[in-house]
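The values are calculated or read from the model by the stated rules, or taken from the named source; none is laboratory data. Predicted, not measured: the structure shown is a model, and the values here were computed from it. With ideal geometry, Cβ positions are generated from the backbone for all residues, glycine too; neighbour counts draw on all protein chains shown.
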Ligand code: PLP
């Protein structure tokens, strides 16, 4: 009997989904994606969609890159698995580490590998704690993050994140005494600036708030600050002018490490190899994932500078070992695919392509600004968002039960375009290989969805 079940039926009966209303799943069967080509994916009914989000902000080279498939196949045939514990290594991981250090936005000393952005950020948090124990500052353990931040779902990563949905009833942020995970305001100028407050003034206010918080906590207890260059899942929030410059001046004053979470921004998304370059961030620790392999295989990385690495290395010498690492850290197949991804970026001049296309992308977003229900549009490189408002003149959001963002995303899907609703902000993060013609097609689909959305409001 079970052989005749559709994939959707089988899936609903067996698969515990990520980020899904599990109770409603039987009434809203999943979209079954069976294939991908270029910037498109195809469902089991043969419907083709423009993947306006690169999956989960990751498939930067689209869904059918032959070079990545070949690199993976070759690696599987050569050395399908080996680990990196106890002085073991493999060719691909050493090559990839060398390549990443060469690409790093600031001088970095070593690269640690994991499988996901969450694991990379959990590893970064542990390294921050280990580092401060190593340098004889065991009280310096608090990590400051921002509300609306997204750093993943493992216990430390979700604790650093600032989205309610990742905390509520998961008993997070992890409760410790004293608290190790603190949150300050997020730099969403459109939503949180005072009337008439410039971006520079808003940034100064947030930096002052950060300093007050550090002083209130006691600088001797504050270990690190973690930030996405552009906040992704929080609604694609591009930092206001001067933000990172002002924040980092505070961090330096109180000897607080800077962690850049480049899981979305890394590898060209903002028009530079890293968002840190775009926004003048000088991280001590940098985490990346997603576009590191164009999402084709799970892999993430944590880069640490010499200050962090030399202390960690010396401390591991005292303890006998750096007691951290995953079975799949430096997996040879994942590293081979990542290495090939980085080569493709170079061979296909992906950075130049993003820079050339960014003005058209941003203009395409801007074209929605005049819509009665659009309060704000924002973006950089090839990542952006459109924020919906029930009344843009008074900046009144839609009532939550209206599910405005979700509805617009549904209409876009019907128009053959996949976008992401983050509350009432609609995110766009297309594959970096998108052409000008494909970009025009993407915006034409979104415009049709927007027209239908507006019509439903009448
Ligand atoms: N950090 C950022 C900025 C992310 O956007 C994400 C995922 O979207 C993560 C971390 C977590 O990555 P993963 O889902 O691979 O654990």
- Query: Tally time: how many residues in the stretch 175-208 are assigned to a helix (DSSP H, G or I) and out of contact with any helix residue (DSSP H, G or I) (no Cβ under 9 Å at 6 or more places or on another chain)?
  - Reply: 4
- Message: For the stretch 138-153, give me each residue that is in a loop (DSSP other than H, G, I, E, B) and either more than 14 Å from the ligand (Cβ to nearest atom) or surrounded by 19 or more Cβ atoms within 10 Å (Cβ to Cβ) (or both).
- Response: 138, 139, 140, 141, 147, 148, 149, 150, 151, 152
- Members of the stretch 252-290 that are under 12 Å from the mean Cα position of the chain (by Cα) and under 24 Å from residue 132 (Cβ atoms): 260, 261, 262, 263, 287, 288
- Name, by its number, the condition in (1) touching a residue at least 40 places away in the same chain (Cβ under 8 Å); (2) within 16 Å of the ligand (Cβ to nearest atom) that does not hold for residue 266. (1)
- Which one is modelled with the lowest pLDDT, of the residues in the stretch 16-36 that are surrounded by 13 or more Cβ atoms within 10 Å (Cβ to Cβ) and over 27 Å from residue 65 (Cβ atoms)? 29
- Query: Which condition breaks for residue 244 when tested against (1) part of a helix (DSSP H, G or I); (2) more than 16 Å from the ligand (Cβ to nearest atom); (3) without any contact (Cβ under 8 Å) to a residue 40 or more places away in the chain?
  - Reply: (2)
- Only one of these is over 16 Å from the mean Cα position of the chain (by Cα) and in contact (Cβ under 8 Å) with a residue 60 or more places away in the chain: 249, 301, 311. Name it. 311
- Odd one out for residue 172 among (1) out of contact with any helix residue (DSSP H, G or I) (no Cβ under 7 Å at 6 or more places or on another chain); (2) assigned to a loop (DSSP other than H, G, I, E, B); (3) within 16 Å of the ligand (Cβ to nearest atom): (1)
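When the residues of the stretch 114-125 are filtered to those that are assigned to a helix (DSSP H, G or I) and touching a helix residue (DSSP H, G or I) at 6+ places or on another chain (Cβ under 7 Å), which remaining residue is farthest from the ligand (Cβ to nearest atom)? Outline the logic, then answer.
Here is the first cut: in the stretch 114-125, the residues assigned to a helix (DSSP H, G or I) are 117-125.
Applying the additional criterion that residues be touching a helix residue (DSSP H, G or I) at 6+ places or on another chain (Cβ under 7 Å) yields 117-118, 121-122, 125.
Numbers: 117: 2, 118: 3, 121: 6, 122: 9, 125: 12 Å.
Among those that are assigned to a helix (DSSP H, G or I) and touching a helix residue (DSSP H, G or I) at 6+ places or on another chain (Cβ under 7 Å), it is 125.
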- Output the helices (runs of 4 or more DSSP H) that fall wholly within the stretch 13-104 and possess 1 or more residues being more than 22 Å from the chain's Cα centre (by Cα), or say none. 66-78, 91-103
- Sort through 92, 75, 109 and tell me the only one that's away from the ligand (no atom under 16 Å from the Cβ) and surrounded by fewer than 23 Cβ atoms within 10 Å (Cβ to Cβ). 109
- Message: Among the listed residues 333, 297, identify the single one that is over 17 Å from residue 429 (Cα atoms), out of contact with any strand residue (DSSP E or B) (no Cβ under 9 Å at 6 or more places or on another chain) and in a loop (DSSP other than H, G, I, E, B).
- Response: 297
- Selection count, the stretch 277-327, where residues are buried (at least 24 other Cβ atoms within 10 Å of the Cβ) and away from the ligand (no atom under 16 Å from the Cβ): 3
